1. Apply the Karplus curve 6.51 cos²θ - 1.76 cosθ + 1.60, θ = phi - 60°, to the phi angles in segment 100-105 and return the couplings in whole Hz, x for Gly and Pro.
2. Under the √(5λ) rule applied to the eigenvalues of the Cα gyration tensor, what semi-axes describe the equivalent ellipsoid of the chain? Give them in Å, descending.
3. Sort I16, I121 by Cβ crowding within 10 Å, fewest neighbours at the top.
4. From the helices alone, meaning DSSP H stretches of at least four residues, give me the mean residue ellipticity at 222 nm for the chain, per-run term -39500 (n - 2.57), in deg cm²/dmol to the nearest 500.
5. Find the centroid of the Cα atoms in segment 35-67 and in segment 6-34, then give the distance between the two in whole Å.
6. Given an 8 Å cut-off on Cα distances and at least 6 residues of separation, report the relative contact order of segment 2-122 as a percent.
7. Can you tell me the 0 to 90 degree angle between the C-alpha axis of helix 5-15 and the longest principal axis of the chain, rounded to 10?
8. Counting other beta carbons within 10 Å of each Cβ, put W115, W84 in order, fewest first.
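All of the numbers you see were taken from the coordinates with simple rules; none came from a lab. Worth saying up front: this structure is predicted, and the values here are computed from it rather than measured. Because the Cβ atoms are built from the backbone with ideal geometry, glycine has one as well, and the counts that use them run over all protein chains shown.
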Amino acid sequence: MGMTNAYRNFIAQQSIGEAVTAFNNANAHLGVGDSVTAFAATQTDLQAATNKLRKAMEATYPQRSTNVLTFRSLFGTLEANFAWEEWGVFNASSGGTMMSRKVESLGTKTSAQSWQLTTTITINAG
């Protein structure tokens, strides 16, 4: 899963005390979409034209353990009923900063299902 240029810039801004919107429970969202467009660090949103949705975090997420961040959202029966081909981590329900985006086929969600999406991101030096 690739880090975006926007998140790289976010880290730089945060490092010198510039105001940024945190990836906390009040702001963080996981988004899913149906685009298979390859990841590029310059992307700022999911690439799906219409079939995409961002969902807020579950109550105790995101979580941090040392250098590992865990994000979790629940997509209910009426939400995101399409092929999940991409997903990303955001700090807003629209716009904002996309931390990362992954292109992978997770299956096709239907209205008969609720799906929980959980991702872990490990921050490494070097």
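1. After applying 6.51 cos²θ - 1.76 cosθ + 1.60, I find 7, 9, 10, 9, 6, 7 Hz.
2. 24, 16, 13
3. On the way: I16 6, I121 16.
If I rank by nearby Cβ atoms, fewest first, I get I16, I121.
4. Values: 1 runs with 11 residues, N = 126.
Only helices count here, giving -2500 deg cm²/dmol.
5. So the two Cα centres are separated by 11 Å.
6. Worked out over segment 2-122, it gives 31 percent.
7. Helix 5-15 and the main axis of the chain meet at about 40 degrees.
8. On the way: W115 19, W84 23.
Lowest to highest Cβ neighbour count: W115, W84.
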